[in-house]
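J.: Structure below; questions to follow.
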Amino acid sequence: MMGGQKERMHPREEQYEVVFGVAPCLLALTQGRRTARKLFVKDGEASRRDSVLTVCEEAHRRGVQVQRVSKKDLDKMSSGPVHQGVCLQASPLGYLAEDGDSAAPGGGDPPLWLVLERVLDPMNLGAILRSAYFLGVDRVISSIRHSCPLSPVVSKASSGVMEVTGVYGCDDLEDMLKLKVARGWQAVGTVGAKPEESHIPVTLCSDFQMTKPTLLLMGGEGEGLSQQLLALCQTLLTIPAGRELFPGVESLNVSVASGILLHSLLSRRSSGRRTDTTLLETQDVWLDPLEVKGGNGRTKTRTKRGRLSDPAAVKREVF
């Protein structure tokens, strides 16, 4: 999702902050994107858990001082009890600089960038980052103004993903999107389950085929996408509801909607490659691509009756 870019192009002013939770602390240490100063560990039984010991061992390996403190002290450092017995004093992370000038990689799958506008809730941002990383999004870009910073709360909500992958910040999403669209990217927005009349085509996410570099735009809590960004979209995606919805509850949380849409787009983007785990059905043959290589290296197919047939005679359907 990132590679070779300068870190903390938009840093916050404070010199140190407190990262909390086992996964965020461990990944902050192993990734080396922060300057770690001191690890605080809950004194007592919790400090003997394997997960906490792993964090302590990594801190020792990197020359970071480890200090045992009370639960009360950790609660105060992390502003709550969800620290899992560890807190790390370290330099803050900031957004990477996004100038909109990077080109789409040649060959392979068309890239998907997730563009976030005015996401204010750190729990939502963390959940979005976790889903985007897991599902294979190529880049996450956020508006800088009116958006939450990359805080320890975001890192904890992302289960440490924020420590692993860079998040890009953009001062002017509108200009960046205009530049990308002019270079052949498609901007895809989102609407609720019951969209209003729109001059922009509305498509079910399950019907959308991603065949070119794509920017998926997600608006923040409350107001959603601004009219300026909506006007740049070539298509609006909607997630179908599974029931008749009452007025006022016709939309999903932005992090949940992002996960559903990302999975839908990334599982259907076209590259001409066959998915290895797909079960291929023909009139007479069931083929699992993971179980068809013979001892001589030649590909064979297994029929319902247990015979092995010539693969040249089998019609392969590629999804």
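The values are calculated or read from the model by the stated rules, or taken from the named source; none is laboratory data. Treat the numbers as computed from the prediction; the structure is a model and nothing was measured. Ideal geometry is used to build each Cβ from the backbone, glycine not excepted, and the neighbour counts take in all protein chains shown.
J.: Would you please name the residue that is modelled with the highest pLDDT, looking only at residues in segment 79-96 that are surrounded by fewer than 16 Cβ atoms within 10 Å (Cβ to Cβ) and of a type outside the set (Ser, Thr, Tyr)?
T.: Only one residue tops the list, namely VAL82.
J.: Evaluate segment 70-93: report whether one residue or more is within 13 Å of the chain's Cα centre (by Cα) and small (Gly, Ala, Ser).
T.: Looking through segment 70-93, none of the residues is within 13 Å of the chain's Cα centre (by Cα) and small (Gly, Ala, Ser).
J.: Restricting attention to segment 237-251, which residues are in contact (Cβ under 8 Å) with a residue 40 or more places away in the chain and either under 23 Å from HIS199 (Cα atoms) or of a type in the set (Phe, Trp, Tyr) (or both)?
T.: Listed by number, the residues that qualify are LEU237, THR238, ILE239, PRO240, ALA241, GLU250, SER251.
J.: Touching a Phe, Trp or Tyr at 6+ places or on another chain (Cβ under 6 Å), surrounded by 15 or more Cβ atoms within 10 Å (Cβ to Cβ) and not aliphatic (A, V, I, L, M): does that describe GLY160?
T.: no
J.: From the residues in segment 127-164 that are hydroxyl-bearing (Ser, Thr, Tyr) and not in a loop (DSSP other than H, G, I, E, B), which one is farthest from SER258 (Cα to Cα)?
T.: Once the filter is applied, the top-ranked residue is SER155.
J.: Hey, among the residues in segment 167-206 that are small (Gly, Ala, Ser), touching a Leu at 6+ places or on another chain (Cβ under 8 Å) and at pLDDT below 95, which one's surrounded by the fewest Cβ atoms within 10 Å (Cβ to Cβ)?
T.: Here the answer is SER198.
J.: Of all the residues that make up segment 56-76, how many are within 18 Å of GLY44 (Cα to Cα) and either part of a helix (DSSP H, G or I) or in contact (Cβ under 8 Å) with a residue 60 or more places away in the chain (or both)?
T.: Looking only at that region, the number is 8.
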